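Structure first, then comments.
The values are calculated or read from the model by the stated rules, or taken from the named source; none is laboratory data. This structure is a prediction, so every number in the text was calculated from the model and none was measured. Because the Cβ atoms are built from the backbone with ideal geometry, glycine has one as well, and the counts that use them run over all protein chains shown.
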Amino acid sequence: MTLEREIPYSERILTVVGGDGAQGSKIVTAGRSLPYKEVRVCEKGDSFLDAVNLSTDLFLAVDNVLVVDLLESARDNLQPYHTIVDGASVKLPFIPLYEDLDQEGKSVASVHVGATPDTPWGGIKTWVCVVGKNSGRAKQLGIDLFLSTNSFIIEIDIRDHGKIEVDQFLTFSGVHTMLATLRELGIPLAEFDKYATLNAELYGQPMERTAGQSEKIQNELLFNQSRKDELMQVFEEQVRKLRQALQNRDTLEELIRENVRFHNNPDGFLQAMFEKAGIIGATNANLRMFHFAFRITNDQPGKLMELLGPFKDEGANLSAILSKPGKITEAEKLEGVDPDGIVDFYVGIKPKTIDPEKGRRIKESLVELGCEIRDFNGLYRQ
């Protein structure tokens, strides 16, 4: 059975399962930016069958195990007009179920945000995974939801999602191997960072970021990897080869050369990535010397030019400007603050062009312009 006509958003009802969670709450906000007739939330304790019967569209902001349990429990209630999208990080376990639903005429697709749910999604990779011939409606819903969050959207087949999961497994397993090595050597990350050269400092960032993430998510991604035994065997074999190569300078040089040749594909890729990493390193270095960190909740065109005025007035020569979407607070939610208007700014200044008095005046001017000063010259201080 197929859908006789496309149903416009104005006639559709979206229910976000897990809508009070970190991911789900953002999907609720994104859904309300679309011209839906209604956006609903289904939480633990609510009837999922009622949600299915009352909705045209379902977004499952839950893990892969619950995705399968919920859809299997409501299988007989799913209709051709239903549009189903999920945001689970692991896809392999429910691919057969999704392919069956597609064959039955339901529109299903899956999305994966390439960052933790509580991270601002602007510019973050978001993969929209299509399933089959009926995925069109669900794919478009995924695109529409994440375009509203300014995500960088990549469309792939759901069976290619395994490549993302392998990337995640290699990243987390490599990071935790290094974290465990540092622990055994009695070197905490703070000490590692203090003595880190630029390469080591950049290498330390994924360790620091991973250590600060949800243990539950990391556990899920590592434990549920279907190829984990194979991948760990390769990992261990390469450690063994490196250990052997360290005994002979020529062998070690050839191992390094082989790695470079393989990964410089397409030609020039490594140089481009070297320059990209250099930008990150230079920005961190300039912010480390002297900086202001401040936050606004009313971003708009021309706002940055306005905020840079106090620096120009004081003759402070800028060495770096960095910004990222800020996280909304519970108080700001109650006040109705637009989360898309929250921005954290970091401005580096050449030390010779700033002094305590200038700094005080710049700080006061920024506060008058509605900024919250988050930090003043201490962000990277040891």
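Quick notes on this structure:
- Within the range 260-297, the set of residues being under 19 Å from Val343 (Cα atoms) and in contact with an Asp or Glu (Cβ under 8 Å, 6 or more places away or on another chain) comprises Asn284, His291, Phe292, Ala293, Phe294, Arg295, Ile296, Thr297.
- Residue within the range 78-101 that is without any contact (Cβ under 8 Å) to a residue 40 or more places away in the chain and of a type in the set (Val, Ile, Thr) present: no
- Which numbered condition Thr181 misses (of (1) more than 21 Å from Leu66 (Cβ to Cβ); (2) within 15 Å of the chain's Cα centre (by Cα)): (2)
- Selection count, the range 229-281, where residues are of a type in the set (Val, Ile, Thr) and farther than 24 Å from Val166 by Cβ: 3
- Strands (runs of 3 or more DSSP E) wholly inside the range 89-201 containing at least 2 residues that are modelled with pLDDT of 95 or more and surrounded by fewer than 19 Cβ atoms within 10 Å (Cβ to Cβ): 152-157
- Here Lys91 passes the criteria (1) closer than 19 Å to Leu147 by Cβ; (2) in contact with a strand residue (DSSP E or B) (Cβ under 8 Å, 6 or more places away or on another chain) except the one numbered (1).
- Boolean, Asp267 is assigned to a helix (DSSP H, G or I) and either touching a residue at least 60 places away in the same chain (Cβ under 8 Å) or loosely packed, with under 14 Cβ neighbours inside 10 Å (or both): no
- Residue count for the range 241-255 satisfying the condition of being part of a helix (DSSP H, G or I) and loosely packed, with under 10 Cβ neighbours inside 10 Å: 3.
- Filter pass, Val108 being touching a residue at least 40 places away in the same chain (Cβ under 8 Å) and either more than 19 Å from Thr15 (Cα to Cα) or not aromatic (Phe, Trp, Tyr) (or both): no
- Screening the range 290-382 for strands (runs of 3 or more DSSP E) wholly inside it with 3 or more residues that are modelled with pLDDT of 90 or more returns the ranges 291-296, 318-325, 343-349.
- Contact annotation: no residue pair with Cβ atoms under 9 Å, 6 or more positions apart or on different chains, pairs a residue in the range 295-322 that is in the same structural domain as Pro351 (by TED's automatic domain parsing) and free of Cβ contacts under 8 Å to residues at least 24 places away in the same chain with a partner that is assigned to a helix (DSSP H, G or I) and surrounded by 16 or more Cβ atoms within 10 Å (Cβ to Cβ).
- Within the range 52-67, the set of residues being surrounded by 18 or more Cβ atoms within 10 Å (Cβ to Cβ) and either in contact with a helix residue (DSSP H, G or I) (Cβ under 9 Å, 6 or more places away or on another chain) or outside the structural domain of Asn134 (by TED's automatic domain parsing) (or both) comprises Val52, Thr56, Asp57, Leu58, Phe59, Leu60, Ala61, Val62, Asp63, Asn64, Val67.
- Residue list for the range 54-108, filter: hydroxyl-bearing (Ser, Thr, Tyr) and under 19 Å from Val39 (Cβ atoms): Ser55, Thr56, Tyr81, Thr83, Ser107
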